[in-house]
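Below you'll find the structure, written out as structure tokens, and then a few comments.
Read the figures in this text as sums done on the coordinates, not as results from a lab. Worth saying up front: this structure is predicted, and the values here are computed from it rather than measured. No Cβ is skipped: glycine too gets one built from the backbone with ideal geometry, and neighbour counts run over all protein chains shown.
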Amino acid sequence: MRLLRSLRRNLVVIAGLLTLACLVLPNLVVTVFSFNRPNGRFNYAWQRFSLDAWKDPCGVADLCGSLSLSLRIAALATLGATVLGTMIAFALVRYRFRARGAVNSLIFLPMAMPEVVMAASLLTLFLNMGAELGFLTVLIAHIMFCLSFVVTAVKARVLSMDPRLEEAARDLYAGPAQTFLRVTLPIAAPGIAAGALLAFALSFDDFIITNFNAGSTVTFPMFVWGSAQRGTPVQINVIGTAMFVIAVAVVLVGQLVAGRRRNNTRK
Amino acid sequence: MSATDTPPAPPAEEAAPARPVRGRSLRKRLVPYWLLLPGILWLLVFFALPMVYQASTSVQTGSLEQGFRVTWHFRTYADAFADYYPQFVRSLLYAGTATLLCLLLGYPLAYLIAFRAGRWRNLLLVLVIAPFFTSFLIRTLAWKTILADGGAVVDALEGLHVLDVTSRLGWTEDNRILATPMAVVCGLTYNFLPFMILPLYTSLDRIDPRLHEAAGDLYATPAATFRTVTLPLSMPGVVAGTLLTFIPASGDYVNAELLGSTDTKMVGSVIQSQFLRVLDYPTAAALSFILMAVVLLVVTVYIRRSGTEDLL
């Protein structure tokens, strides 16, 4: 009876951990198969252990080129979306202006639209304007769909800011520029950083909008998509594993630093 | 507790009039517009204007060689819908099923992280977000290995006679999962699960655990506590999570193309191939518009019904 009850009490824990296992399982598969030496072009069945792909991650034509292209687009899209999005977020929280409802809907709608609809409509615009599809059209598209997410992230942070801190700065004879740079911006920074990180991740991993608007430009997700038809090189798994490890390491180090800083301020 | 948490900060909206209202120069009054201008212009030109172009494209006729001209040919819509309604129905069905599965799978995990994880909470949160760092296409391809014919999952489900049942329901075929509706729904569920878990976690995390204790003190069973306290208070998370899952899932074609077969094509696949391979722009634009209208309709009705309009 007691066992049964403890099982029932922990049912949610068991179910939750099972879900977590489902979430992490594909990453394990990706990692394990980065050490595979497949027979033939597709890396879906385990054959035998090999370090070949790890020794030569750029050994496949165009793979590392597409990776660096994706990184460049993601960096520029992050920059653009973060600057534009932060400006909108400050305007929304700190000022009164006409057409606030319209502005809010314009920011909400891109997030409530299936990606394929945005992708297709943007393509009709570019086709009608006779624009050449490539780096620039992809960058424009990425800034467009990252913008709303940055606004949301920054807005949440600025809303929770205590306005009295800025009043205090003004009372202490800080000019508007000084108040902004030394008080407002540092407090808003975590929100801006969160928005920028989100924008980077969204842009780097975007496939559908890029698929429509890239022309013959091949970003990393486009390369993976193409390889799913032609044959999946093991190097894809190497890159996937490396990205995972680097990102988790960055997050853990960040948590450690934040934790230590919190401990220090407590002392 | 840090110093910024202690005083209850007045909301920023109330604080605004405290600034000198009188004598505000025109230049100052224009500040918000200057802040908004570049970003809003970007969204107008690259989000709103494309919708206009798409609307115009959908009522054009012509050919690639002679060019397309607006002829107000609304039959394109009727034809497109008549030709592709199976894909529409399938998209909504798959996306709906995946959303439901995400809710059923995601809720326990979000609950676990919010209330039961203790010092493991941050680690679990990192594990939920971490898969994002590997390109979702690579992770989706990994399901080809996991669900492979004769693989461990297929063998286990076959041994348990689960595949017999699912075959009879038409979800799987001939003792395989790949290239069946089940594989596509599985891929959709997996891909959008974090979008369900994170909003659920956020709203569960806001619930004061003392409410649970109070319910217990008032002789509520754990089930009753969940039904009358936890679930209603987590509704904003449920609504946000289901929307964040359903909307992208309904337009997705990646899972259908990578894990499915020609019998599991969703409307996204059709739009993609009409636009990029067949180059029948009017039909593609019409399909895309119908999808948009359907999704907006579903979302609006859903938000009205669940009474969470303030969520926006």
With a point put 7 Å past each Cα toward its Cβ, work out how far B:Asp263 is from B:Phe74 in nm, to one decimal. 3.8
So for R0 = 45 Å, FRET eff. of A:Ser6-B:His161 from the Cβ-Cβ r, to 0.05, ends up at 0.90
Only loop residues by DSSP count here, and only those with at most 10 other Cβ atoms within 10 Å; note down the trypsin sites (Lys or Arg not before Pro) in region B:115-222 that meet that. none
Among B:Val59, B:Leu291, B:Phe226, which residue has its Cα positioned farthest towards the positive end of the charge dipole of the protein assembly as shown, with +1 placed on the Cβ of Lys and Arg, -1 on the Cβ of Asp and Glu, and the dipole taken about the Cα centre? B:Phe226
Dividing the alpha-carbon Rg of chain A by 2.2 N^0.38 Å yields what? 1.28
Taking the Cβ-Cβ separation of B:Thr61 and A:Cys58 as r and a Förster radius of 41 Å, what is the calculated FRET efficiency to the nearest 0.05? 0.30
So which chymotrypsin sites (Phe, Trp or Tyr not before Pro) in region A:170-257 end up in coil per DSSP with only 16 or fewer other C-beta atoms within 10 Å? A:Tyr173
Shape of region A:1-103 from its Cα gyration tensor (a ≥ b ≥ c, root eigenvalues): rounded if a/c is under 1.5, otherwise prolate when a/b > b/c, or oblate? oblate
Which one of A:Phe126, A:Pro186, A:Ile140 is farthest out on the positive end of the charge dipole of region A:64-233, using unit charges on Cβ (Lys, Arg +1; Asp, Glu -1) and the Cα centre as origin? A:Pro186
What area, in nm² and to one decimal, does the C-alpha convex hull of region A:63-181 cast on average over all directions? 10.4
Using only the Cα atoms of chain B, build the gyration tensor, take square roots of its eigenvalues as a ≥ b ≥ c, and label the shape rounded, prolate or oblate: rounded if a/c is under 1.5, else prolate if a/b is larger than b/c, else oblate. oblate
Across peptide B:120-133, how many C-beta atoms of other chains are within 10 Å of each residue C-beta, on average? 5
Taking a spot 7 Å from the Cα of B:Val52 along the direction of its beta carbon, which residues of region A:90-126 have an amide N less than 13 Å from it? A:125
Which of the chymotrypsin sites (Phe, Trp or Tyr not before Pro) across region B:165-259 are loop residues per DSSP, with 12 or fewer other Cβ within 10 Å? B:Tyr219
Place a +1 charge on the Cβ of each Lys and Arg in the protein assembly as shown and a -1 charge on the Cβ of each Asp and Glu, then give the dipole magnitude about the Cα centre in debye, rounded to the nearest 20. 2060
tail above 40 Å in the computed P(r) of the protein assembly as shown, as % of all Cα-Cα pairs, reads 31
Kindly state, to the nearest 0.05, the FRET efficiency for A:Phe42 paired with A:Ser68, given R0 = 22 Å and r defined as their beta-carbon distance. 0.30
Could you give the nm distance between label points at A:Leu185 and A:Val251, where each point is 7 Å from its Cα heading toward the beta carbon? 3.0
Listed by chain and number, the residues whose amide H is under 5 Å from that of A:Asn36, excluding neighbours fewer than 5 places away on the same chain and using placed H, are A:Ser50
Please report how far the C-alpha centroid of region A:25-89 lies from that of region B:167-226, rounded to the nearest whole angstrom. 30
Can you name the helices of chain A, as whole DSSP H runs, whose Cα span along the helix axis is 30 Å or more and whose Kyte-Doolittle mean is not below -0.5? A:11-33, A:63-94, A:135-159, A:234-266
Which whole DSSP H helices in chain B pass both tests: a Cα extent of 24 Å or more along the axis and a mean Kyte-Doolittle value no lower than 0.5? B:75-111, B:181-205, B:235-251, B:281-306
